[in-house]
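The values are calculated or read from the model by the stated rules, or taken from the named source; none is laboratory data. Fair warning: this is a prediction, and the values are worked out from it, not measured in the lab. Cβ placement follows ideal geometry from the backbone for every residue including glycine, while neighbour counts extend to all protein chains displayed. Ligands, DNA and RNA are stripped out before the accessible areas are found, and what is left, the full protein with its side chains, is counted by its heavy atoms. Shrake-Rupley method; radii C 1.70, N 1.55, O 1.52, S 1.80 Å.
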Amino acid sequence: MTAAASNSARQILTRLHEVMASRMHAQGKLDQVVETIGECLTSEVCSIYLLREGMLELFATRGLNQEAVHVTRMAIGEGLTGVIADNVETLNLAEAKAHPDFQYRPETGEEKFHSFAGVPIVYRERAVGVLCVQHLDPRRYEEIEIEALQTTAMVLSELIANAELVDEEEALGLSPTQSGQQTISGLTLVKGLGAGIAAYHQPRVQITQVMADDIEAERERVYRAFDKMREQIDTLAGQAEFGIGGEHEEVLETYKMFAYDEGWSRRINESIDSGLTAEAAIERVQQHTRMRMREIDDPLLADRMHDLEDLANRLLRIVAGQIGTAAQQGLRKDTILIARNLGPAELLEYDKRRLKGVILEEGSLTAHVVIVARAMNVPVLGRAKSLRGIVREGDEILLDATAATATVRPQSQVAEVFAQRFAKSREKQATYATLRDVEPFTRCGTRIQVMMNAGLRDDISSLALTGADGVGLFRTEFQFLVSATLPQRERQLRLYRDVLDAAGDKPVIFRTVDIGGDKAVPYLNSDIAANDENPAMGWRALRLALNREGLMKAQARALLEAAAGRSLYVMFPMVSEPWEFDDAKAVFEDQLKFLRSKKKRVPEHVRYGAMLEVPALAEVLDLLLPKLSFLSIGTNDLTQFLFAADRGNPALAERYDWLSMPILRFLRRVIRSNVGSDVEIGVCGEMGGRRLEALALLGIGYRRLSITPAAVGPIKELVRKVDLNEISAAMETWLANPETNLRTELTAWAAERDIEVD
Ligand code: PEP
Ligand code: MG
C-alpha cells in the first residue's frame, strides 16, 4: 500500500467509523455504508447482501432499484454474489456478463452496469454476506479499491456480529450445504469411525474489533507480538523435535523466513496506519496474500501459504492474548480435532468423552501421539494436506479413519451411509465383546497370551472389558507426560497401587520410565537432552534413568511399595547391553533391601524383564536371557533402529513394512535363541495388534502378544481360527524365499481360510 492508498483507506475507515459510532439502527448503518463506499470508490452501485435463511438477500444498495431490497435473493453458489460467498473469494471483473455464473435479476435494474467487484463478508471464517460495487464502464477495479472493499467487509462483519444481523447458527455453517461437501484423504493411523465438529488444536482468533481507537497503541502491540513470535520460532528451532532434519527443518526454515520477513510486518503496519486494529490488520494482510496465492497455481507455493497461515494465526493469537489450545478452552461438543502435529502430552489433555477423532497433517503409525490415541480408542487420520484451506472451525466432519478419509460438511446421503457403517462397526465391536470371557486357544489347541498395553489409570478398566490376560506393557511415562512437574514418589505410588488394585489377579508389567525421544518432558530438559541431535537414539529411557539415579530410585520405591504383598513385574526399556539391565535391577534390589531393613512390607516376588528394542541386544541374548523372567520386543523402536528410519518421520511412515523379510527373520532368530529356556518372550509393539502381522508372529513362534485394548477382541477372534502348524509351515516357506511378498501371501492365505485380517 502506498502512502496515498493508506490515506484513502484511512479516509474510508474514518467515515465508516462515524457511521458505526452513530446511534442509527443496523439497517440505517448499512444504507450509509453503501453510500459511503459508492462515493469513495466513485461507483454507481454499491450493494450489501447478507445471509438469511440460507439465501443471500439484498440488504442495502446504492444504485440498484430500491424495490429490490429484501426482495432479491440468491442461493449460495448462484450468480456472482453466490459464487463469492461459496468460494469465500473476491471477484474483480471488467465485464460481469462475461462470467459464466452471471445471472441477471430484472428487479434490480442492473443491466446497464458493466464492471463488477465483490468481496465476501466473513464471520467466523464463513461468508455470511457479500459487499459489491458495480460501474457503468467496463473497467477492472484497482488493487487499492479492492483492499478498501475488503476492509469495509471486515467492518461490516463486526457490525453484523454486534447487531445480530445474521443468524448465529447459520453463520456457524450448521446448514451443511453452505460451502459444499469436501473429502480429505490421508493415511490410516488409528482405525475407526468418528463424527463431530472440527476444532483446531490451535484455534483461530475471532476478531471482535476492527477499527482502532489508538493507532500508536496498535502499532506497539503488533511490534511486541512480532518480537514474541520470532522468539518462539527461534526456541522451536532449538527444540529436539525440530532439530532432526527432514521435513521439520524445512517447515522451520519457512517459518523463520516469514517470521523475519520485513515486507510482511510492513504491510501489517500500513494496515494499522489506515485505522485497523492489530488483529484486523494481520487478518487483512492475510486475506490479501491468500487472494494473490490463489491466482498462482503452484502446489509448492500452496504449501508455503499453509505455513504462512499457521504463522499468521500464531501472530494473531499472541496479539489477542489467546494462547490456549482447544483442550484448554474445553470441548463443548463431540469433536474431531485438527492439527499439524501433536505431542502425546497435548493429546492427553483432551476430554476423552468429547474427542471423537483426530486429523493430522503429519503423523506416523508409531509416533507416540498415535499410540496414545490408539490407547484412547480415538481414530486418527494422518498425512492429510492443506487442512486450513478446507476445514473451518465448527464444520461438521465424518471421519472414517479405516478408509483413510474424512468428509467435511457432508451431504445427507453421505451422512446416511456413514451412519450405517457406524452401526455396523458397533455391531462388530459387540461381537468382539462376546469374546471377552473366551480364552484364546488356537484351532490346534495352543493357548495364546493376549495381553494389553496401558499407560493411564483409566485404561485398566479395559482389562475387564476385553478379557485380556493382563497388562503386558504399562507405560509409566504417561504420568510424567501429563504432569507439569516431575511426579513425586507419593504420586507415583498412588497410581501404581490403583493400577494393581484395579487389575486384581491379572499381572501388570510396569515398564520403567521411557522419556526422551518423542516423549520429551519440559522439566527434565537438561543440557544433555537439549543438545541431543537425535533424541530417539540419544539420552532416553534407561540411559537417562541410570544417569538420574534419584529418578530411578523414586520409581523403584514407589513400585515396590505399591506391590507390597503381591507380585511385581518390572521391565526396563531400551536395554542395549546386559550390564544396563544389571544396573537397573540393582537399583530395585537396593531399594528392596532398604525397605526390608525398615521392616516395611515388600512384594512377594519381583520379576525382572527387559525390552528388546535395540538390535545389538539380540547378539547377546545368550548372556542376557538367563538373567530374565521375560523379554518383550518393542517392535516400534526395533523397527526404527533396524531400518534406521525415524518412527515419527511422516515421510517414512509408509516406507517400511512390518511384514518384511528383515523384521520377520530377525524376530524369528530371537524367538529361536530362546529354545530350552523358560523365559517368556512376547511382542508389545503396535505390530502385534494388527491381524495380518499377528498372524505372521504366530507363524514364527510367538505365543504372547501385548497390544492396544481395542485390538484384543479382533486378535482373539483371529487366534481361534488359526492352526499353528499350518501357518508355521507357510511362514517357513515364504521366509526361505527372499522374493516373497509376505503381505500378499498372508492375505491370500487368510482369505482361503475365511480369516478376517483387514
Ligand atoms: C516399542 O518401542 O515397540 C514399545 C512398545 O515402546 P514405545 O512404543 O513406548 O516406545
Ligand atoms: Mg519403545
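If I ask for residues that are closer than 23 Å to Arg703 by Cβ, of a type outside the set (A, V, I, L, M) and under 39 Å from the mean Cα position of the chain (by Cα), which ones from segment 727-742 would you list? Trp734 - this is the single residue of segment 727-742 that is closer than 23 Å to Arg703 by Cβ, of a type outside the set (A, V, I, L, M) and under 39 Å from the mean Cα position of the chain (by Cα).
Return yes or no: is Ser425 open to solvent by 20 Å² or more (accessible area, probe 1.4 Å) and closer than 30 Å to Leu495 by Cα? I'd like the intermediate steps shown before the answer.
Values: open to solvent by 20 Å² or more (accessible area, probe 1.4 Å): yes; closer than 30 Å to Leu495 by Cα: no.
Criteria not met by Ser425.
For segment 417-439, a residue qualifies if it is touching an Asp or Glu at 6+ places or on another chain (Cβ under 8 Å) and among the charged types (D, E, K, R), and exactly one does: Arg421.
Annotation note: of Glu693, Glu680, Glu686, the sole residue that is farther than 21 Å from Asp754 by Cβ, of a type outside the set (Phe, Trp, Tyr) and away from ligand 2 (no atom under 16 Å from the Cβ) is Glu680.
Working carefully through the options Thr434, Thr442, find the one that is surrounded by 14 or more Cβ atoms within 10 Å (Cβ to Cβ) and at pLDDT 90 or above. Spell out how you get there, then give the answer.
Details: Thr434 fails: surrounded by 14 or more Cβ atoms within 10 Å (Cβ to Cβ).
None of the other options fit; the residue is Thr442.
If you scan segment 533-571, which residues turn out to be among the hydroxyl-bearing types (Ser, Thr, Tyr) and surrounded by fewer than 22 Cβ atoms within 10 Å (Cβ to Cβ)? Listed by number, the list holds a single entry, Ser567. Gln329 passes every criterion in (1) open to solvent by 10 Å² or more (accessible area, probe 1.4 Å); (2) within 16 Å of ligand 1 (Cβ to nearest atom) apart from (2). For segment 633-655, a residue qualifies if it is within 14 Å of ligand 1 (Cβ to nearest atom) and at pLDDT below 90, and the qualifying residues are Ala645, Asp646, Arg647, Gly648. Filter segment 113-124 down to the residues that are modelled with pLDDT of 90 or more and either over 25 Å from His288 (Cβ atoms) or open to solvent by 40 Å² or more (accessible area, probe 1.4 Å) (or both) and list them by number. Hits for segment 113-124 are Phe113, His114. Residue-level check: of (1) within 16 Å of ligand 2 (Cβ to nearest atom); (2) in the same structural domain as Ser462 (by TED's automatic domain parsing), Glu439 misses just (1).
Quick check on Thr407: is it in contact with a Lys or Arg (Cβ under 6 Å, 6 or more places away or on another chain) and not small (Gly, Ala, Ser)? Answer is no for this residue. The residue of segment 691-706 that is farthest from the chain's Cα centre (by Cα), among those that are within 22 Å of Arg511 (Cα to Cα) and open to solvent by 20 Å² or more (accessible area, probe 1.4 Å), is Arg703. The requirement of being open to solvent by less than 30 Å² (accessible area, probe 1.4 Å), within 40 Å of the chain's Cα centre (by Cα) and without any contact (Cβ under 8 Å) to a residue 24 or more places away in the chain is fulfilled somewhere in segment 54-64, by at least one residue.
In segment 13-33 there is no residue that is open to solvent by less than 50 Å² (accessible area, probe 1.4 Å) and assigned to a strand (DSSP E or B).
Where helices (runs of 4 or more DSSP H) fall wholly inside segment 348-451, the ranges with 3 or more residues that are within 16 Å of the chain's Cα centre (by Cα) and not acidic (Asp, Glu) are 368-376, 387-390.
Yes/no per residue for (1) closer than 17 Å to Ala711 by Cα; (2) touching a strand residue (DSSP E or B) at 6+ places or on another chain (Cβ under 8 Å):
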{"position": "Ser461", "(1), (2)": "yes, no"}
{"position": "Glu477", "(1), (2)": "no, yes"}
{"position": "Arg494", "(1), (2)": "no, no"}
{"position": "Ala502", "(1), (2)": "no, no"}
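Number of residues in segment 572-624 that are open to solvent by less than 20 Å² (accessible area, probe 1.4 Å), away from ligand 2 (no atom under 16 Å from the Cβ) and part of a strand (DSSP E or B) equals 1.
Filtered by the rule that a residue be in contact with a strand residue (DSSP E or B) (Cβ under 7 Å, 6 or more places away or on another chain) and within 14 Å of ligand 2 (Cβ to nearest atom), segment 625-673 gives Leu631, Ser632, Ile633, Gly634, Thr635, Leu638.
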